Amino acid sequence: MNPSPKAAAASPPPSALRIFSKHPRLTAAGLVVLGTGFALRRMSGAYAEREQAQKRVPSNLYVSVDRSGGGI
């Protein structure tokens, strides 16, 4: 059941990226999740960087605080 050469030339090969145009809601949801992940990662990196900067200053009297939310 090979298609005729005329029919094969008329239809373009399926694109791997076609799923994005066929499912725009899924694409949008994926982009939102991806953006949220990058934002959280950037915020946590900035938070850790500020904490390290506070530790490096000798006259700061930095006290480490457990932020896990459990225990005393």
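Collect the residues in the stretch 28-72 that are of a type in the set (Phe, Trp, Tyr) and at pLDDT below 85, keeping them in residue-number order.
Tyr62
Looking at the structure I just gave you, is Ala9 over 17 Å from the mean Cα position of the chain (by Cα), in a helix (DSSP H, G or I) and at pLDDT below 65?
Taking the combined requirement at face value, the residue satisfies it.
Close contacts from the stretch 24-53, counting a first residue that is over 26 Å from Val65 (Cβ atoms) and a second that is assigned to a helix (DSSP H, G or I), with Cβ to Cβ under 6 Å and a gap of 6+ residues or different chains, come to Thr27/Phe20.
The values are calculated or read from the model by the stated rules, or taken from the named source; none is laboratory data. Owing to the predicted nature of the structure, the values given are computational and were not obtained by experimental measurement. Cβ coordinates were reconstructed from backbone atoms using ideal geometry, including for glycine residues, and neighbour counts include every protein chain displayed.
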